[in-house]
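**Q** I'd like to ask some things about the structure below.
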């Protein structure tokens, strides 16, 4: 054992002047690790800018693949944001018992207004309702053939802002329906519900599309990196022969992937901004016709950063997968 | 330094490249490995380099049992072995300097140290003035000397060469062999596969003859 140890020492540090290279001390090994990263990243950058056309092509493919889910996500966020505003207009109409007097109804209206989940209430007298009905509809004249007012007293309840989901408003309505004088309730929120179903459907669709496009980006990058590995086969073999570790040999390709991903996501950011700007003109016109000032809000700083991080991460992952798959196949012969 | 004990090397297709090879080389020794092409010279060198693994028997290099070495340890092991190839395997997309610097770079040497060592190695092979050139601008003999400079730049205790003079004329071949002998002079263990018998006989070093995967005899200076 001792003999073996001595021999191992021999291998590392023979006595003669031809001693094995004293590689480096602990401090300088971190330094040289950082140096290598700097050098490799610079080289990778240079390599890609040396072939501007093919680099731009690869980055553009990645960029376009990233734009589609980004735009869908932006649309979705905008719609959801608008959704919350619209919910404020989901109102509950409570129809009261036919025998309820106007006085009782008024008192009930006031007491419901004090409920925590209620913003305000409006009492609609059945006589006034009939009058309105008569004046607003052409068929209003039929009313005079009725022997008595068929309309009940009604209370219109506006839910508090704290109720954001239709389900919560439904629960409030169910609670109010149990009140003694209330005959039935009507929630005018079907369209809000529909919008919410559509939104949640779109959310899933966007996620799936994003997932597929992310896989596409991985495949594109994987193939690009595979070609790069193929082109540098001899270099990889020589590096392995002179004692290059796997991380060392992988590094240039990982940087390549990161740079492609970075370039692609920057292109995606710019494209998204351009597309939003183009779309906003017709959207604003459309909104104006609805007396709305709605406009698409594009990527804010945070989302831009997220997009770039995501794209770069995807680049790294694509390269890593390719390197893992192909680098081991290259052994020096 | 290098110890083969009853080593067999059988490839997957059943071809037996080496059978029952036992061989011992001491530290600081220089030896030639001769034999016809296909006799197993390259295979023997590849086993030492861990480019191939032993099928049977035991191989110990510098106290390291190569049968048990793990894959991730291989790069670190290779840093202690310099190799010279017949086709020198230089990279033509970079300068002479960068080619010679490769073994230092993979080991994480700092730039100043690298510069010093690379120039020392180039100086030893007499090509210091060519450091900024691309290898394809050099002659065959010069390219081979660059290959040698790369093999010795991190001062490995073991130096292997596979037909290093295979593509060179006799005068250049002799020059290359003398270069190897000079490294051996300063303590490096040198093993050279070559079938240039005439040149080998001039060198006065141990000769190991191998045929059909077996060692025929091992003679000369020990």
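**Q** Looking for whichever is farther than 30 Å from residue A:97 by Cα and surrounded by fewer than 20 Cβ atoms within 10 Å (Cβ to Cβ) here; the options are A:220, A:229, A:236, A:267. Which one fits?
**A** Step by step, each of A:220, A:229, A:236, A:267 is checked, and only A:220 is farther than 30 Å from residue A:97 by Cα and surrounded by fewer than 20 Cβ atoms within 10 Å (Cβ to Cβ).
**Q** Quickly run through the stretch A:311-333 and pick out the residues that are surrounded by fewer than 20 Cβ atoms within 10 Å (Cβ to Cβ) and either within 19 Å of the chain's Cα centre (by Cα) or over 29 Å from residue A:271 (Cβ atoms) (or both).
**A** Selection gives A:313, A:324, A:325, A:326, A:327, A:328, A:329, A:330, A:331, A:332, A:333.
**Q** Quick one: residue A:243 ticks every box in (1) free of Cβ contacts under 8 Å to residues at least 12 places away in the same chain; (2) more than 13 Å from residue B:91 (Cβ to Cβ); (3) assigned to a helix (DSSP H, G or I) bar one, so which box is it?
**A** (3)
**Q** In addition: Considering only residues of the stretch B:178-220 that are free of Cβ contacts under 8 Å to residues at least 24 places away in the same chain and within 14 Å of chain A (Cβ to nearest Cβ), which is surrounded by the fewest Cβ atoms within 10 Å (Cβ to Cβ)?
**A** Selected residue: B:185.
**Q** Would the stretch A:229-236 turn up any residue that is more than 14 Å from chain B (Cβ to nearest Cβ) and under 16 Å from residue A:63 (Cβ atoms)?
**A** Scanning the stretch A:229-236 turns up no residue that is more than 14 Å from chain B (Cβ to nearest Cβ) and under 16 Å from residue A:63 (Cβ atoms).
**Q** Got a sec? Which of A:48, A:8, A:110 is modelled with pLDDT under 85 and more than 14 Å from every other protein chain (Cβ to nearest Cβ)?
**A** Of the residues listed, the single one that is modelled with pLDDT under 85 and more than 14 Å from every other protein chain (Cβ to nearest Cβ) is A:48.
Residue by residue, here is whether (1) assigned to a loop (DSSP other than H, G, I, E, B); (2) surrounded by fewer than 16 Cβ atoms within 10 Å (Cβ to Cβ); (3) at pLDDT 85 or above holds:
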| residue | (1), (2), (3) |
| --- | --- |
| A:141 | no, yes, no |
| A:164 | yes, yes, no |
| A:196 | no, no, no |
| A:208 | no, yes, yes |
| A:215 | no, yes, yes |
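**Q** Name the single residue, out of those in the stretch B:120-139 being in contact with a helix residue (DSSP H, G or I) (Cβ under 6 Å, 6 or more places away or on another chain) and assigned to a helix (DSSP H, G or I), that is nearest to residue B:154 (Cα to Cα).
**A** Per the stated criteria, the residue is B:121.
For (1) modelled with pLDDT of 50 or more; (2) within 11 Å of chain B (Cβ to nearest Cβ); (3) surrounded by 13 or more Cβ atoms within 10 Å (Cβ to Cβ); (4) outside any helix (DSSP H, G or I), each residue gets a yes or a no:
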residue	(1), (2), (3), (4)
A:19	no, yes, yes, yes
A:39	yes, yes, yes, no
A:56	yes, no, yes, no
A:60	yes, no, yes, no
A:73	yes, no, yes, no
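**Q** Given the conditions (1) assigned to a helix (DSSP H, G or I); (2) under 24 Å from residue B:24 (Cα atoms), and given that residue B:149 satisfies all but one, which numbered condition is not satisfied?
**A** If we test residue B:149 against (1) assigned to a helix (DSSP H, G or I); (2) under 24 Å from residue B:24 (Cα atoms), just (2) comes out false.
**Q** Somewhere in the stretch B:147-157, is a residue surrounded by fewer than 23 Cβ atoms within 10 Å (Cβ to Cβ), within 14 Å of chain A (Cβ to nearest Cβ) and in contact with a helix residue (DSSP H, G or I) (Cβ under 7 Å, 6 or more places away or on another chain)?
**A** no
**Q** Give the residues of the stretch B:52-99 that are more than 20 Å from residue B:41 (Cα to Cα), assigned to a loop (DSSP other than H, G, I, E, B) and more than 17 Å from the chain's Cα centre (by Cα), sorted by residue number.
**A** If the condition is that a residue be more than 20 Å from residue B:41 (Cα to Cα), assigned to a loop (DSSP other than H, G, I, E, B) and more than 17 Å from the chain's Cα centre (by Cα), then B:63, B:68, B:69, B:70, B:91, B:92, B:93, B:94, B:95 are the ones that fit.
**Q** Check residue B:96 against each of (1) more than 9 Å from every other protein chain (Cβ to nearest Cβ); (2) within 21 Å of residue B:12 (Cα to Cα) and name the one condition it does not meet.
**A** Of the numbered conditions (1) more than 9 Å from every other protein chain (Cβ to nearest Cβ); (2) within 21 Å of residue B:12 (Cα to Cα), the odd one out for residue B:96 is (2).
**Q** Residues that are within 20 Å of residue B:162 (Cα to Cα) and within 15 Å of the chain's Cα centre (by Cα): does the stretch B:15-26 have at least one?
**A** Taking every residue of the stretch B:15-26 in turn, at least one turns out to be within 20 Å of residue B:162 (Cα to Cα) and within 15 Å of the chain's Cα centre (by Cα).
**Q** Can I ask one more? Of the residues that make up the stretch B:48-59, is at least one modelled with pLDDT of 90 or more and facing chain A (nearest Cβ under 8 Å)?
**A** Yes, some residue in the stretch B:48-59 is modelled with pLDDT of 90 or more and facing chain A (nearest Cβ under 8 Å).
**Q** Check the stretch B:65-80 and report whether any residue there is within 12 Å of another protein chain (Cβ to nearest Cβ), crowded, with 22+ Cβ neighbours inside 10 Å and at pLDDT below 90.
**A** There is no residue in the stretch B:65-80 that is within 12 Å of another protein chain (Cβ to nearest Cβ), crowded, with 22+ Cβ neighbours inside 10 Å and at pLDDT below 90.
**Q** From B:112, B:117, which residue is more than 17 Å from the chain's Cα centre (by Cα), within 14 Å of another protein chain (Cβ to nearest Cβ), in a helix (DSSP H, G or I) and touching a residue at least 24 places away in the same chain (Cβ under 8 Å)?
**A** Result: B:117 is the single residue among B:112, B:117 that is more than 17 Å from the chain's Cα centre (by Cα), within 14 Å of another protein chain (Cβ to nearest Cβ), in a helix (DSSP H, G or I) and touching a residue at least 24 places away in the same chain (Cβ under 8 Å).
The values are calculated or read from the model by the stated rules, or taken from the named source; none is laboratory data. In this text the structure is predicted, and so the values were computed from the model without any measurement. Heads up, the Cβs are rebuilt from the backbone with ideal geometry, glycines too, and the neighbour counts pull from every protein chain shown.
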